[in-house]
Amino acid sequence: MVRRTIAIVGGLLLLILVVFVFRGCLDARKERAMEDYVRDANELVELSKAESGTLFDVLTAPSEEDQSVDRQNQANTLRAESANLADRAHDLDVPDELSDAHRYFLEALELRRDGLAVVADQLPGALAQEERRSSTGRIAQMMQVFLASDVLLRSRYDLLLRDALEAENIDDPEPAGQTALTFVEDTDWLDPDFVADQIAGIRGSGGSATPGLHGNGLGTVSLAGVALTPGGNATVPLSSDAAFDIQVVNQGESTETDVTVTVKVGQGGDALDLEETIPEIAAGEAKPVSIPLSEQPPTGQNIPITVRVKPVPGEEVTDNNEAEFTVIFTR
């Protein structure tokens, strides 16, 4: 009887030992799988971060020589590389515990892939004369897409990943860090005007001024056919097709591109901001630009109006770039 009891107890102890050993093997396998995933994912994060650096080098680095073709080739290379990263992310071995984090990781890399594809498609137009404004606007929109990918990685993927590792008592073998997860480090790139100015440098103009005198001046300004005098008052009848007709004079020695003209109607938070771009003005040339009055301001009161020609790269004297007017609108 005693022998039987000892045998039973010994068997139970052996069974318990086997169970513990088996569970230990499963836990070790799970830990290795999660650590392997983190290492593989972090490798893709680092490669994506490198693509970010390359992209902004492609869109800047001004030169006095036209580098359009070279930059377009680099953009196409980025398109292919980002697609490859997204494919590699799809093929990762993902432990069940990290599936939620991986979903956001994959979506972020796909956003970057899609954004880089659009940049590659739009860059030729951004460097061309006719399509420049719409293409630079689309590239600026892609900066919003890249920013969304940053939010997904920092605020979703990284948090879920760390929570899952902590739940399993696993130390992150290679913490990526917020900087590595960030694609857009300078939010100026969200501004279409900033994008246009940077890309202009690829053509050897705009982002880097050519030698010589640079500068534009504000010429005549009229609104709905009524000439406006700087510092003076004018009465302007409102109509549905009222527009500012503004003349800009290139007073420098070089052709200027992407010359932006702004109009501010009113003041404070209720002011109406208008803008138009002149694609190109040759040295010594005067060019008109028409800016529609998109909203009708109040009538019967003095409305301040400011018209401004934004300085071009290399422009040192800007005293004649801006003028202020006062208008009373009537019906």
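Readers should treat all values here as calculations from the given coordinates under stated rules, not as data from a laboratory. All of these numbers come straight from a predicted model, not from anything done at the bench. As a convention, Cβ positions derive from the backbone with ideal geometry for all residues, glycine included, and neighbour counts pool all protein chains shown.
For residue 227 and residue 69, what does the FRET efficiency come to when R0 = 45 Å and r is the distance between their Cβ atoms, rounded to the nearest 0.05?
Working: r = 46 Å, r/R0 = 1.03.
Efficiency, from the Cβ-Cβ distance: 0.45.
Could you calculate the contour length gain from residue 238 to residue 87, that is, 0.36 nm times the residue separation minus the distance between their Cα atoms, to one decimal place in nm? If you can, show how the numbers build up before the last one.
Numbers: separation 151, 0.36 × 151 = 54.36 nm, distance 5.77 nm.
Additional length available on full extension: 48.6 nm.
With unit charges on the beta carbon (Lys/Arg positive, Asp/Glu negative), name the residue among 292, 261, 227 whose Cα is farthest towards the positive pole of the charge dipole of region 216-330.
Result: 227, furthest along the dipole toward the positive end.
Would you list, by chain and number, the lysines whose Cα falls below 16 Å from the Cα of residue 287, excluding same-chain residues fewer than 8 positions away?
310
Highest mean first, how do 268-279, 313-324, 77-88 rank when packing is the count of other Cβ atoms within 10 Å averaged over residues? Before the final figure, lay out each step's value.
Working: 268-279: 13.1, 313-324: 14.7, 77-88: 16.9.
Packing order, densest peptide first, comes out as 77-88, 313-324, 268-279.
May I ask for the Rg/Rh ratio of region 188-331, computed from Cα atoms with Rh as the Kirkwood radius, given to two decimals?
Over the Cα atoms of region 188-331, Rg/Rh equals 1.00.
Work through the residues other than residue 304 whose Cβ is under 15 Å from its Cβ and net out their charges, Lys, Arg +1 and Asp, Glu -1. Spell out each step's value before the answer.
Numbers: positive: 264, 308; negative: 270, 273, 322, 324.
Summing Lys and Arg as +1 and Asp and Glu as -1 gives -2.
Give the aspartates and glutamates reachable from residue 49 as a straight Cα distance under 16 Å; neighbours fewer than 8 places away on the same chain don't count.
Those aspartates and glutamates meeting the cut-off are 40, 57, 81, 107, 110, 114, 150, 158, 174, 185, 186.
R0 = 25 Å: FRET efficiency of residue 32 with residue 54, Cβ-based, nearest 0.05?
After rounding to 0.05, the efficiency reads 0.15.
Could you work out the pair-distance distribution P(r) of region 83-165 from its alpha-carbon pairs, with 10 angstrom bin width and percents rounded to whole numbers?
With 10 Å bins starting at 0, P(r) equals 19, 37, 25, 13, 5, 0.
What nm distance separates the two modelled labels at residue 155 and residue 295, each placed 7 Å from Cα along Cα→Cβ?
Spacing of the two 7 Å Cα→Cβ label points: 2.8 nm.
Any idea how far apart residue 280 and residue 187 come out in nm if each label point goes 7 Å out from Cα toward Cβ?
3.6 nm
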